[in-house]
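Each remark here refers to the structure printed beneath this line.
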Amino acid sequence: MLERLQEIARKHELLLAKQADPEVAVDRVRSREVAVKLAELAPIVRVYREYKSVSDQLEGAREIVAMADDDEMRQMAEVEVEELSSRLDAVEQQLKVLLLPPDPNDRRNVILEIRAGTGGDEAALFAAELLRMYGRYAEEKRWKMSMTDTSDTGLGGIKEAVAMIEGEGAFSRLKYESGVHRVQRVPATEASGRIHTSAATVAVMPEAEEVEVTVEEKDLRVDRFCSSGPGGQSVNTTYSAVRLTHLPTGLVVSCQDEKSQIQNKAKALRVLKARLKEIEERERDAERAADRRSKIGSGDRSEKIRTYNFPQGRVTDHRIGLTVHRLHEILEGNLDLLLEPLIEEFQAERLKEELG
């Protein structure tokens, strides 16, 4: 592991030198490539330097223990050895996680789909709350979230919503959100005060790169219609909304968020390509199929992953048996309360597999 880390540190130094080269600086493509590689290596190099620093301190403390004539100094050094040993183990574990092969999709933008499930109007209201939660989380992470298509119920709920979330590492965190989300609460319309259980389905897909998925124009049927909902004078007067039907698969994608047909078609095409990429990966990737059976889960849409219990103010993630009594904070966008433990558990599982 140390040899590999030394090689990464050397590569990082070479990339820093390249970045400072005037020829690279004026070349936008090369400059971006170097910046991306540096961003990938920087966390590993930072922790590796910490590892070396702690290791040197530990060696020094052990020397004091071995050579000290004064009992008090030796005891202080022994305490320091214990603390530094514990810290070195933690840093080493962190390095092992950082050296795990990355998911190639982790740096990508996200196509987010939310659909109301069982529960009628209450499920649609919950779907709208989930959409708002992800919007708040994206805002906190300084990601850009834009709607592609929504189907409202007229009571503040949504039957279905499709959004695009653009930002560094969006998929790396939101990929754990795919599945069935349940809510337990007393609906506002329930006179007897009984707790109802409703559900919404979340699907998180990485946006496909241009070279990965090709969609021929001859394979598309393009329908144009008037957009609905808020949006000013153009709503219900111009045919700016676009519906794409991919004839070979029957997939249908609509977009009415933008003001022009061209923009809506381009956005809908990005969603369509993400869906096609997901289908391809599910069909050909046996490893992904194995992931579905793992403890963390696969992102399979039919898998029940989480319950939001309003009377008790708690959220339970069923994949790792985690319960957090901070429901309001989570719905306000503090998703890291759930995601951090999930990511840690997932990384621990991957480390076990790597180490056999």
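The values are calculated or read from the model by the stated rules, or taken from the named source; none is laboratory data. These numbers come from a predicted model, not from an experiment. Cβ coordinates were reconstructed from backbone atoms using ideal geometry, including for glycine residues, and neighbour counts include every protein chain displayed. Accessible surface areas use protein heavy atoms only, side chains included; no ligands, DNA or RNA. Shrake-Rupley method; radii C 1.70, N 1.55, O 1.52, S 1.80 Å.
Its relative contact order, with pairs defined as Cα atoms under 8 Å and 6+ residues apart, puts the chain at 14 percent. Among R221, R306, R185, the residue with the largest mean-square fluctuation in a Gaussian network model of the chain, with springs joining Cα atoms closer than 10 Å, is R221.
Farthest toward the positive end of the dipole of segment 91-204, out of A123, W143, L98, is the Cα of L98, where the dipole comes from beta carbon charges about the Cα centre. A Förster distance of 35 Å, applied to the separation of the beta-carbon atoms of H196 and S146, puts the FRET efficiency at 0.60. With every protein chain in place and a 1.4 angstrom probe, the accessible-area ranking of M76, M164, largest first, reads M76, M164. Model label sites at A348 and L251, defined 7 Å from Cα along the beta-carbon direction, differ in position by 3.6 nm.
Shape of segment 98-207 from its Cα gyration tensor (a ≥ b ≥ c, root eigenvalues): rounded if a/c is under 1.5, otherwise prolate when a/b > b/c, or oblate? Prolate is the answer for segment 98-207, as a/c is 1.5 or above and a/b outweighs b/c.
Averaged over its residues, segment 8-167 has an accessible area of 58 Å² per residue, based on protein heavy atoms and a 1.4 Å probe.
Would you mind telling me the share, in percent, of accessible area of the chain contributed by carbon and sulfur at probe 1.4 angstrom?
Ligands and nucleic acids excluded, carbon and sulfur reach 49 percent.
Compute a Gaussian network model of the chain, connecting alpha carbons closer than 10 Å, and tell me which residue from Y239, Y308, Y137 fluctuates the most. Of Y239, Y308, Y137, the Gaussian network model singles out Y239 as fluctuating most.
The lysines within cross-link reach of K273, meaning a Cα-to-Cα straight distance under 24 Å and a gap of 8 or more places when in the same chain, are K144, K159, K175, K218, K259, K265. Of the three principal axes defined by the Cα atoms of the chain, the extents in descending order read 88, 65, 40 Å.
Placing dummy labels 7 Å off each Cα toward the beta-carbon, the span from E216 to D21 is 4.2 nm.
Across segment 5-110, how large is the tail of the calculated P(r) beyond 20 Å, expressed as a percent of all Cα pairs? Value for segment 5-110: 57 percent of Cα pairs lie more than 20 Å apart.
Taking 7 Å steps out from each Cα toward its Cβ at I320 and V186 produces label points 3.4 nm apart.
Could you work out how much longer the chain between K259 and E166 gets when fully extended? Use 0.36 nm per residue separation minus the Cα distance between them, nm to one decimal. Computed gain between K259 and E166 is 31.5 nm. Between Q93 and D336, full extension at 0.36 nm per residue minus the direct alpha carbon distance yields a gain of 85.4 nm. Residues V271, V29, sorted by accessible area with the largest first, give V29, V271 [1.4 Å probe; ligands and nucleic acids excluded]. Of all GluC sites (Glu not before Pro) in segment 119-183, which ones are in loop regions per DSSP and have a Cβ with at most 15 other Cβ atoms within 10 Å? For GluC sites (Glu not before Pro) across segment 119-183 that sit outside H, G, I, E and B with at most 15 neighbouring Cβ atoms in 10 Å, the list reads E168.
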